[in-house]
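Encoded as structure tokens, the structure appears first; notes follow it.
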Amino acid sequence: IGLFPLGIVLLPTELVPLHIFEDRYKELIGECLELGTEFGLVYADEDGVREIGTQGRVTEVLEELDDGRMNIAVEGTERFHVIKLTRGRAFLTAEVEPVEEDWTEPDPEAVARALTSFRALATAVEAEPEEPDEGSHRLAFELAANVELPPGSKQELLELRSEQARLALVADLLDAALAALLAARELDKRAKTNGSRLS
């Protein structure tokens, strides 16, 4: 599979826009469009390229420029584990295998807590995201895909093998995001009142 190392993490079910400008990635995406194949998006930072990534499917070419650059929409499909990096193409390639999943059904409490945290954050930001199906075996990914989360947290989520563990982590991340949002609002309110408390 052709790999696209980036400073973002793509989760299964998540839809992200990508700007393609390097020749090697124009070649990779062009091939995917021509053959109807997927590519592998892997998180890369100063610590290197991660071994767990997500396959991406180009859902739409939003814009194609004269010099071959493209703006595309990509949807995350399945997770993969890099077995071995391979050579021979302009872009990075690898032999991959599916991520081994623990298919144990999550506790209803874990599902309920994650959904409650999601709804609380959505209410706080006055958003009305589409309500995911609580019976989905990828509920944690679907919830996280609707929220801006740090790449490190998303990668941690991506690497977990059980939906129970992912739901617990997602609930914690959503609660932390809500707490940070409320704290920022309180700070802003105090700044506007010059630090004095209003009764």
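Under the shape rule built on the C-alpha gyration tensor, where the axes satisfy a ≥ b ≥ c, segment 84-182 is prolate, since a/c reaches at least 1.5 and a/b is greater than b/c.
In this rough spin-label picture, where each label sits 7 Å from Cα along the Cβ direction, the VAL49-LYS192 distance is 4.8 nm. Working from label points 7 Å from Cα in the Cα-to-Cβ sense, the VAL125 to LEU62 distance is 1.7 nm.
For the chain, the solvent-accessible area of protein heavy atoms averages 58 Å² per residue (probe radius 1.4 Å; ligands and nucleic acids excluded). Measuring nothing but how far apart in sequence close Cα pairs (under 8 Å, 6+ apart) lie, relative to its length, segment 39-185 scores a relative contact order of 19 percent.
Hydrophobic, long helices, defined as DSSP H runs whose alpha-carbon span along the helix axis is 30 Å or greater and whose mean Kyte-Doolittle value is at least 0.0, occur in the chain at 163-192.
Of all accessible surface on segment 1-143 at a 1.4 Å probe, what whole percent is carbon and sulfur? Looking at segment 1-143 in its full context, I get 48 percent from C and S.
Relative contact order, whole percent, for segment 1-89 stands at 35, derived from Cα pairs under 8 Å and 6 or more residues apart. In the chain, taking the dipole from charged Cβ atoms about the Cα centre, the farthest positive-side position among TYR43, LEU121, PHE80 is held by LEU121. Kindly identify segment 1-157 as rounded, prolate or oblate by the Cα gyration tensor criterion: order the square roots of the eigenvalues as a ≥ b ≥ c, call it rounded if a/c is under 1.5, otherwise compare a/b with b/c, prolate if a/b is larger, else oblate. Note, shape of segment 1-157 comes out prolate. Each residue of segment 76-86 was assigned a 3J(HN,Hα) from its phi angle through the Karplus expression (A = 6.51, B = -1.76, C = 1.60, θ = phi - 60°), giving x, 10, 10, 7, 9, 10, 6, 8, 7, 6, 10 Hz with x at Gly and Pro. For segment 68-119, GluC sites (Glu not before Pro) are listed when DSSP marks them as loop and at most 14 other Cβ atoms sit within 10 Å of their Cβ; the list is GLU100, GLU101.
Where only DSSP H runs of four or more residues are counted, the chain gives -12500 deg cm²/dmol as its mean residue ellipticity at 222 nm, each run worth -39500 (n - 2.57).
Only Lys, Arg, Asp and Glu carry charge here, each on its Cβ (+1 for the first two, -1 for the last two); on that basis segment 52-151 has a dipole of about 580 debye about its Cα centre.
The values are calculated or read from the model by the stated rules, or taken from the named source; none is laboratory data. On a predicted model such as this, the values are computed, not experimentally measured, just so you know. Glycine gets a Cβ as well: all are built from the backbone with ideal geometry, and neighbour counts include every protein chain shown. Protein only, heavy atoms only, side chains kept; ligands, DNA and RNA dropped before computing areas. Shrake-Rupley method; radii C 1.70, N 1.55, O 1.52, S 1.80 Å.
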